[in-house]
Amino acid sequence: MLVLDDTVVSVALPSVRDDLGFGVAGLAWVSNAYFLAFGGLLLLSGRAADLLGRRRVFLCGVALFGLASLGCAVAQEPWQLVAGRFVQGAGAALASPAALALITLLYPGPEERAKALGLWGGIAGLGGSAGLVISGALTGLASWRWIFLINLPVALVTLVLMPRLVGESRAPRRTRLDVPGALLGTGALLALVYGLLRSGESGWGQPATVRPLLLAVVLAAAFVVVERRTAEPLVPPAFLSFRVRAVANGASLLFSAAFFAMAFLLMLHLQTVLGYGPLAAGLAYLPFGGGILTGMWLSSRAVIGLGLRTTLVAGFAVSAAGLLLLSGVVPDDGYVSGVLPGLVVTSLGCGLSHPALAIAAVTGTTEDDAGLGSAVLSAVQQVGGAVGLAVLVALAARRGAEAGGSPAAATEGFSLGLTVGAALLAAGAVLVAVMLRRPGPPDESAGRRRGPLGRGRRSGSSTSGGGRA
């Protein structure tokens with residue numbers, strides 16, 4: 001649900017514009033407000049989950065997300081929808097890292113963790129494509145307001161079942177939150193995401209883009225200085241230097257940039273160049289979900305049998321090949337002969353890669369820092385998505401404008417954007433192949449340090465006994 005709302009407004013934007021009277025610049029912030037809050041608040045939320053209780057923070061995030069979804073659905077003015085989307089992003093930032101941290105600790109054994117995180121990662125990848133399908137169907141058949149109302153039953157069921165099924169979990173060592181580090185880290189992420197989003201509107205050389213990016217650099221430098229001098233830092237330097245996690249986050253940045261841009265560019269291409277309506281464009285994405293589920297099924301088995309390095313290299317290579325196939329789609333191509341082959345290959349690579357990236361990103365995390373590891377991964381993915389939308393979409397638009405603005409010119413821009421995305425994925429494959437020279441199963445240290453979380457059992461209160469998750 002949380003990843004779905006990254007993309008669910010994409011198809012509905014023309015209807016939202018006509019209904020609420022958005023201007024061109026304001027319309028972009030229906031998407032950008034969610035990205036900004038989600039990406040900017042993740043580090044703070046992940047560390048808060050470790051210290052205050054992961055289940056508690058998760059439930060607070062889901063409740064906030066559900067209320068904000070209702071606010072978006074009943075919005076009557078443009079500012080109301082943008083504000084609702086920002087609060088949605090804040091709720092997602094609370095819930096997402098806490099959810100991944102809980103799953104990481106609920107399944108401590110290497111094989112069961114690989115399967116659980118494979119399922120989690122695959123569903124997250126499926127959410128991104130499902131958002132486009134659901135948005136097209138609901139906008140075409142009913143109203144854009146339903147793309148937000150469908151979140152309410154999911155949030156309600158989660159709030160009812162979660163306390164019954166999963167015990168609380170928090171870091172055993174009760175430390176104080178690093179407030180200066182939290183403020184600087186959150187400020188740096190907010191400024192970075194905001195600057196990247198503005199670059200897509202104003203261009204890279206404009207003050208509206210340069211100022212927040214410079215502010216992000218200054219805040220990030222101050223964050224590093226403060227973290228090195230703090231006894232209990234928000235993000236310990238040793239945490240970021242752990243090789244498997246560092247490589248996973250670097251690869252995730254490239255992966256997210258390519259796939260966020262692909263989803264945006266392909267949906268735009270289907271509707272403006274190939275002539276699909278909102279419902280047809282949404283239905284055209286259905287095979288993408290099937291491919292992700294197949295890749296997800298293969299991913300956990302590949303990680304167990306072949307190791308992270310081989311699985312990730314294969315997944316990135318397949319994804320890059322799929323983007324190159326899609327980049328060749330021209331206005332005269334039919335769906336089956338033109339769009340479908342690249343869509344299926346890309347989705348298989350996405351399903352194979354996404355779970356493996358999640359497994360690698362939380363390798364070696366424990367009760368002390370599982371929320372932080374999850375937050376870093378989610379923050380990297382959001383920043384990567386903002387980079388992809390800012391850079392690749394801008395490149396595609398510029399090439400299309402230079403070529404004359406016709407359907408053929410738009411196709412040139414679309415092809416360039418996806419080709420650059422394929423190059424990013426190829427770079428990710430090289431990064432993994434070079435830096436992860438010793439593939440192996442997911443880290444077992446967390447499993448040796450703790451058992452599964454049972455109902456009503458607090459993390460750190462006992463290190464013996466089982467308990468059913």
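Each value in this text was obtained by applying a stated rule to the coordinates, not by laboratory testing. Being a predicted model, the structure only gives us computed values, none of them experimental. FYI the Cβ positions are ideal-geometry reconstructions off the backbone, even for glycines, and counts take in every protein chain you see.
Numbers below:
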| read-out | value |
| --- | --- |
| Contour excess over end-to-end distance, with Cα ends at residue 306 and residue 70 and 0.36 nm allotted per residue | 80.5 nm |
| Cα gyration tensor of the chain - equivalent ellipsoid semi-axes, whole Å, descending | 34, 25, 22 |
| Relative contact order for the chain, counting Cα pairs under 8 Å that sit 6 or more residues apart, in percent | 25 percent |
| Residues residue 18 and residue 406, FRET efficiency given R0 of 35 Å [Cβ-Cβ distance, rounded to 0.05] | 0.90 |
| Selected from 180, 169, 203, residue furthest toward positive end of dipole (segment 158-225; charges at beta carbon) | 169 |
| Folded to 0 to 90 degrees: helix 151-165 orientation relative to the chain principal axis, Cα | 20 degrees |
| The chain: angle of helix 54-73 to the longest principal axis, Cα-based, in degrees nearest 10 | 20 degrees |
| Inverse mean reciprocal Cα-Cα distance (Kirkwood Rh) of segment 179-233, Å | 11.5 Å |
| Sites residue 297 and residue 111, calculated FRET efficiency, Cβ-Cβ separation with R0 22 Å, nearest 0.05 | 0.90 |
| On Cα atoms only, tilt of 24-40 relative to the major axis of the chain in degrees | 20 degrees |
| Spin-label model distance (nm) - residue 272 vs residue 286, 7 Å beyond Cα toward Cβ | 2.7 nm |
